[in-house]
Amino acid sequence: MARGERRRRGTPAEGARIAERVVRGGPARRGGAPRGAVGRAALGVVVLSLALGLSGFWLLAWHRARRAVTLHSAPSALPPDSSSPAVAPDLFWGTYRPHVYFGMKTRSPKPLLTGNWASASDTSALPLVSLFFYVVTDGKEVLVPEVGAKGQLKFISGHSSELGDFRFTLMPPTHPGDTAPKYSSYNVFWSSNPGLPLLTEMVKSRLRSWFQHRPPGASPERYLGLPGSLKWEDRGPSGQGQGQGQFLIQQVTLKVPFSVELVFESGSARAGERQALAQLAGSLLTQALESHAEAFRERFEKTFQLKKKGLSSEEQVLGQAALSGLLGGIGYFYGQGLVLADMGVEGSEQKVDPALFPPVPLFTAVPSRSFFPRGFLWDEGFHQLVVQRWDPRLTREALGHWLGLLNADGWIGREQVLGDEARARVPPEFLVQRAAHANPPTLLLPVAHMLEGGDPADFAFLRRAFPRLHAWFSWLYKSQAGPVPLSYRWRGRDPALPTLLNPKTLPSGLDDYPRASHPSASERHLDLRCWVALGARVLVRLAEQLGEAEAAAELGPLAASLEAEESLDELHWAPELGVFADFGNHTKAVQLKPRPPQGLVRVVGRPHPRLQYVDALGYVSLFPMLLRLLDPNSSRLGPLLDVLADSRHLWSPFGLRSLAASSPFYGQRNSEHDPPYWRGAVWLNVNYLALGALYHYGHLEGPHRARAAKLHSELRANVVGNVWRQYQATGFLWEQYSDRDGRGMGCRPFQGWTSLVLLAMAEDY
């Protein structure tokens, strides 16, 4: 804690020392009682008090731990069985396994899944490729393979309670653009399901190199193949009836180029449709795909109007790819996460073990299919800004599922690692979610858009969702309260370890963005205050529209107080810096220096840390403008536009830097093994907020109207132009972009919030 903030408080240790002094003797009580008797009586009282205190603490700890892993009691925001084939048949089966190239899955706790792998050998001019198509069941579903000549599967039939009868057919491979079959070698393998995380290793361990591909008139080539049988008794000792489900894989090996189709036919489709349609394969499939592609392009232009706005055909392709990649990354997850309860005192959570959250489903987009194929709370609000323009129903589904994750206190974990398959891909240090830690409430951004849209279906959803939205926001502003009224502090900053230049604040979403150099309970975080102000504004407006008078009366004064610029100025305007800023125990005199054998360690010089505004000009400094909390006539808007437009600070030819080039933290590593992340790179989500804010102030009467409009036009050109150039050069959307040369950085493909480039092109904020 910062100097001057520590308060003396009695502790059990002090109580023990008091008891010890009494036992050793002291002044006798009046009345002449023996000193030893007095000591024993006093000791008994103290021990009893300690026992009651400790039992009370553990009772409270048990209560907190239970609430942390208890689902909230409010009614669901979604109708009953909203994911079932009876309620939403068109959404029941889809590409809901974002971490694989083409993985299909049902929206079910025990789903039917499909997926594929590929391997290649370059022993000749044309590579020999093996494709592995597999089907997995996770319950009592039945798979029945039908095999033809040469080991080729004719089809795999099966049955599940949700899909009814179904059939998979791997069509014979052909030459591209031709119907003539192409010579192929086949292998099959059938087993009990060992568990999704183990499938890959199971297949790898069984591959053998003795198989030969023998096309007529060509030399044979060896390839790695699966030895197996489709006889049930050959599947191994686990046998049927173990409740594990089944795993059946078909390997097809052939020379490139080729075309191959896998046909799925479900009995859950209406009988009339099945009778009217021939098998969707070959030329019929080609025609259907072309028809869908044309319908997509027409709907895309109608929705986003990029052509009408004068964007080139290449830029339109970028926008279509951004939307398609985001939609293709939507996944369905089911399972239990790990939660560490909030014990009420920071740091005490290390004294308890994490517990399993109840099994829950989650229908969500993901930031990156290859690197981050799971749900991230603050990313999802940005994702849904794009999705809801295309299909509001999908956004209602996603928001309803996220609100279904509320615990009894109103907390939602910021990363959702649900199920064994998801858990196998996540480093252990990120598996456990801490129930004291928040995340920016970006889900309120699409909620605000719903309030503006006037869609009756959206309004009906918000009516059902309101109790959960209210509980979530109430938890946020109460649990993250700061040291003085109307201040807020992110819980969960890293401790000041000797290897860290500036302890990270992962709950903020901005990770290594510089905060106060010495973490303390005295900190006031500007971005969090702005998020709470936005949340209060949205919730009050929603409560008023729904007629929720009690909630409006509760949150109305909070919203009004947070909207007052005088309060914002008092807590966060730094006159010496000329911008808004965090406040805390801080010094700029910190740096990493080599110190063998430890490596790089943090060295703190002079001036020593003191309570002051944090000099870290960057995204955080802009938040009152980014979230449109400032009046267009505000005297603070001009200085923010100044630093935004200054190339010495935030402006770059590729978008706004996350941290000013003038900052001592700009481009600096946070540790020997931790490169800069939010310390200069250009991020699309915050640049989108900036574009929206500039567009907003550029359309309101005020002294900065013309300048804001001009900056919007220039920033939009920089951001869109650079994302397009990098997409042309690499074929990817990237996690972040260099402020020095514009190149894509971080992971790719990153078609999460970088897909906001589409809304920037459409000028839809």
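The values are calculated or read from the model by the stated rules, or taken from the named source; none is laboratory data. Computed from a predicted structure; not experimentally measured. Heads up, the Cβs are rebuilt from the backbone with ideal geometry, glycines too, and the neighbour counts pull from every protein chain shown. Please note that ligands, DNA and RNA were not included when accessible areas were found on the heavy atoms of the full protein model with its side chains. Shrake-Rupley method; radii C 1.70, N 1.55, O 1.52, S 1.80 Å.
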For segment 182-208, give me each residue that is farther than 13 Å from VAL252 by Cα and open to solvent by 60 Å² or more (accessible area, probe 1.4 Å). LEU198, GLU201, LYS204, SER205, ARG206, ARG208
Taking the options PRO467, PRO507, PRO503, name whichever one is out of contact with any Gly (no Cβ under 9 Å at 6 or more places or on another chain) and in contact (Cβ under 8 Å) with a residue 60 or more places away in the chain. PRO467
Applying the selection to segment 711-741, what residues are closer than 15 Å to LEU758 by Cβ, among the charged types (D, E, K, R) and in a loop (DSSP other than H, G, I, E, B)? none
Quickly run through segment 383-429 and pick out the residues that are open to solvent by less than 30 Å² (accessible area, probe 1.4 Å), over 22 Å from PRO79 (Cβ atoms) and in a helix (DSSP H, G or I). HIS383, LEU385, VAL386, ALA422
Identify the residue in segment 649-688 that is part of a loop (DSSP other than H, G, I, E, B), over 11 Å from ASP739 (Cα atoms) and of a type in the set (A, V, I, L, M, F, W, C) and, among all such residues, is farthest from the chain's Cα centre (by Cα). PHE665
Output for Cβ contacts, cut-off 8 Å, separation at least six or different chains, first residue over 22 Å from TYR134 (Cβ atoms) in segment 165-183, second open to solvent by less than 30 Å² (accessible area, probe 1.4 Å) and assigned to a strand (DSSP E or B), reads ALA180/THR174; PRO181/THR174; TYR183/LEU254
Has segment 513-534 got at least one residue that is on the phi > 0 side of the Ramachandran plot and either out of contact with any helix residue (DSSP H, G or I) (no Cβ under 6 Å at 6 or more places or on another chain) or not basic (Lys, Arg) (or both)? no
Determine whether PRO624 is in contact with a Cys (Cβ under 7 Å, 6 or more places away or on another chain), crowded, with 16+ Cβ neighbours inside 10 Å and either assigned to a loop (DSSP other than H, G, I, E, B) or touching a residue at least 60 places away in the same chain (Cβ under 8 Å) (or both). yes
Identify, by number, the condition in (1) closer than 30 Å to ALA465 by Cβ; (2) out of contact with any Pro (no Cβ under 8 Å at 6 or more places or on another chain) that ASP527 doesn't meet. (2)
Can you list residue pairs whose Cβ atoms sit under 7 Å apart, with the first residue in segment 746-765 being under 17 Å from PHE376 (Cβ atoms) and the second being open to solvent by less than 10 Å² (accessible area, probe 1.4 Å) and among the aromatic types (Phe, Trp, Tyr)? Count only pairs 6 or more apart in sequence or on different chains. TRP753/PHE382; LEU756/PHE382
Tabulated pairs, segment 132-144, first farther than 15 Å from ARG97 by Cα, second β-branched (Val, Ile, Thr), C-beta under 6 angstrom, 6+ apart or interchain: PHE132/ILE249; LEU143/ILE156
In segment 714-748, residues that are open to solvent by less than 40 Å² (accessible area, probe 1.4 Å), at negative phi and not hydrophobic (A, V, I, L, M, F, W, C) total 10
Scan segment 516-532 and tell me whether some residue there is modelled with pLDDT of 95 or more, assigned to a helix (DSSP H, G or I), within 23 Å of the chain's Cα centre (by Cα) and of a type in the set (Asp, Glu). yes
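Return the total of residues in segment 107-139 being closer than 27 Å to GLN212 by Cβ and touching a helix residue (DSSP H, G or I) at 6+ places or on another chain (Cβ under 6 Å).
0
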